[in-house]
Amino acid sequence: MTTSTNTPDRLEIELAIPAFIRWFMMVPVIPITLIGLANLIGGEILTALILLLGLNGAFFLGYAAISARTTLVLDKEAGLVTVSRDSRFGSRADRYPLDALDSAELDRSHTSAESRTTSKVVLVFRNTRPATRIPLSSWGVSGAGPGQIADEINDWLRRNLPPSV
């Protein structure tokens, strides 16, 4: 999470998995590629194809999936909430009215062992019944990060928008 702008007129937050984690995921590609090339040179075509295309393809698809980035912009002057999602598969930006944004909440899920909880930040819009909930990311994480994001959004809304009736 990175807050690039936090002024009375604009709040901009970027949610993304850190680059070192994404690159760490790609470390196994090097030995798999070398082993695949060795098999190709040695005449083991099927094994080489499985290693080079199958396993490396799976790693690259995983990398593309976790390299998604979400940018949240609360713009008081324009009166808009913009949620932009960028990934290797494409980009999308959704816009909502800022005056309909009620708060940010945590959506908690438990693992099968019920010992660890993961959370993701959800924007709650009150202009529909039941309230519309828009998740900011497709994955949940453990720790204090999602709570800090939700608190920062709620603090900005409390400070900069008039209370709704």
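Readers should treat all values here as calculations from the given coordinates under stated rules, not as data from a laboratory. If you're wondering where the values come from, they're calculated on a predicted model, not measured in any experiment. Don't worry about glycine lacking a Cβ; one is built from the backbone with ideal geometry, like all the others, and counts go over all protein chains shown.
Quick notes on this structure:
- Entry for mean projected area of the Cα convex hull in nm² (calculated from the structure that is shown) out of (1) 9.5; (2) 14.7; (3) 12.8: (3)
- For the chain, adding -39500 (n - 2.57) for each run of n ≥ 4 DSSP H residues and dividing by the number of residues yields -9500 deg cm²/dmol at 222 nm.
- For region 1-98, chymotrypsin sites (Phe, Trp or Tyr not before Pro) are listed when DSSP marks them as loop and at most 16 other Cβ atoms sit within 10 Å of their Cβ; the list is Phe89.
- Rounded, prolate or oblate (a/c below 1.5 giving rounded, otherwise prolate when a/b exceeds b/c) for region 22-66 by Cα gyration tensor: oblate
- Entry note, region 1-120: relative contact order of 20 percent, from Cα contacts under 8 Å with a spacing of 6+ residues.
- Available extension along the chain between Val29 and Glu44 is 3.5 nm, counting 0.36 nm per residue and deducting the alpha carbon span.
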